[in-house]
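A.B. asks: Have a look at this one.
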Amino acid sequence: MFAPTAPLGRAIRLPLRLIPRGAMLPVLSGPNRGRRWIVGAGTHGCWLGRYERQEIGWFLAQLRPEDVVWDIGAHAGYFTLACASRCREVVACEALPANLANLRRHVTMNRLSNVRIVGAAIADSHGGAVAFGGSGSSYQNRIGAEGESVPVESIDHLVATGHTPPSIVKMDVEGAESRVLQGAADTIARHRPRLLVAVHGEEQETACRSFFEERGYAVEMLNIATLWAIPADDPQSAPDQT
């Protein structure tokens, strides 16, 4: 692939810059092909169908029709949209207001009746608010960084107050992984979901591994920064990584 800063790479990408932000386009390929996407809600790879294609394809292969997917750190909903037609229900959690607005629009414009949206940062407590921000990229915001004040929730509290418990979780929370897991300890003990966790740094990887292993989970490193955790007695506990 051509580097974005190379002359030829810039020339290839120039027409993409002419597409106005906010335009609604059909996704051209990949797992969301035919869905509608807002230009500027994510990278151009989202509506071109190239965004994290291998990772999403692997995750979708793990889904069962009866699954309830929790998308923690849903951004504008690319994973949510891909999962919605392949499982019973999706609970999409996003804290950043701009991403949340796009997530809601994507769910509405694609008429996804089986998606529930939680507009909050997911952590180990509920109620009140936390600072939430980051580097300026809509993909790299985290709890505790300078930014906007957003509501905070825990998975355990959301389940206790009426949300359907997860059977499978995708989590990308920019360093708050262990806090999210602590706030889901009861749900994980009771419902034994499978979890795909993007880990940010060795400290988080160690904390997440310990959390899962103490609860009878088998843990695999799918790549340099992604854990797949599944109850040790689940038939899928040895994932196919081919």
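A.B. asks: Can you give me the Rg/Rh ratio for segment 81-135, using Cα atoms for both radii and the Kirkwood formula for Rh?
C.D. replies: Result: Rg/Rh = 1.02.
A.B. asks: Any chance you could look up the accessible area of T226 with a 1.4 Å probe, heavy atoms only, rounded to 10 Å²?
C.D. replies: Near enough 30 Å² of accessible area.
A.B. asks: Taking a 1.4 Å probe, which of H191, H106 shows the most accessible area, and what order do the others take after it?
C.D. replies: Sorted descending by solvent-accessible area, the residues read H191, H106.
A.B. asks: Hey, if we sort Y51, Y78 by accessible area with the 1.4 Å probe, largest down, what's the order?
C.D. replies: The ordering from most to least exposed comes out as Y51, Y78.
A.B. asks: Please give the contour-minus-distance gain from N114 to T43: 0.36 nm per residue of separation, less the Cα-Cα distance, rounded to one decimal in nm.
C.D. replies: In short, 23.0 nm is gained.
A.B. asks: Using a 1.4 Å probe on the protein heavy atoms only, what accessible surface does D172 show? Give it in Å² to the nearest 10.
C.D. replies: Spelled out: D172, probe radius 1.4 Å, area about 60 Å².
A.B. asks: Could you work out how much longer the chain between A101 and R86 gets when fully extended? Use 0.36 nm per residue separation minus the Cα distance between them, nm to one decimal.
C.D. replies: Result: 3.0 nm gained on full extension.
A.B. asks: Which GluC sites (Glu not before Pro) does segment 55-128 hold that lie in a coil by DSSP with at most 12 other beta carbons within 10 Å?
C.D. replies: Answer by residue number: E66.
The values are calculated or read from the model by the stated rules, or taken from the named source; none is laboratory data. Predicted model, so just to flag it, every value in this text is computed and none were measured. Glycine gets a Cβ as well: all are built from the backbone with ideal geometry, and neighbour counts include every protein chain shown. Note: areas computed on protein heavy atoms with side chains; ligands, DNA, RNA excluded. Shrake-Rupley method; radii C 1.70, N 1.55, O 1.52, S 1.80 Å.
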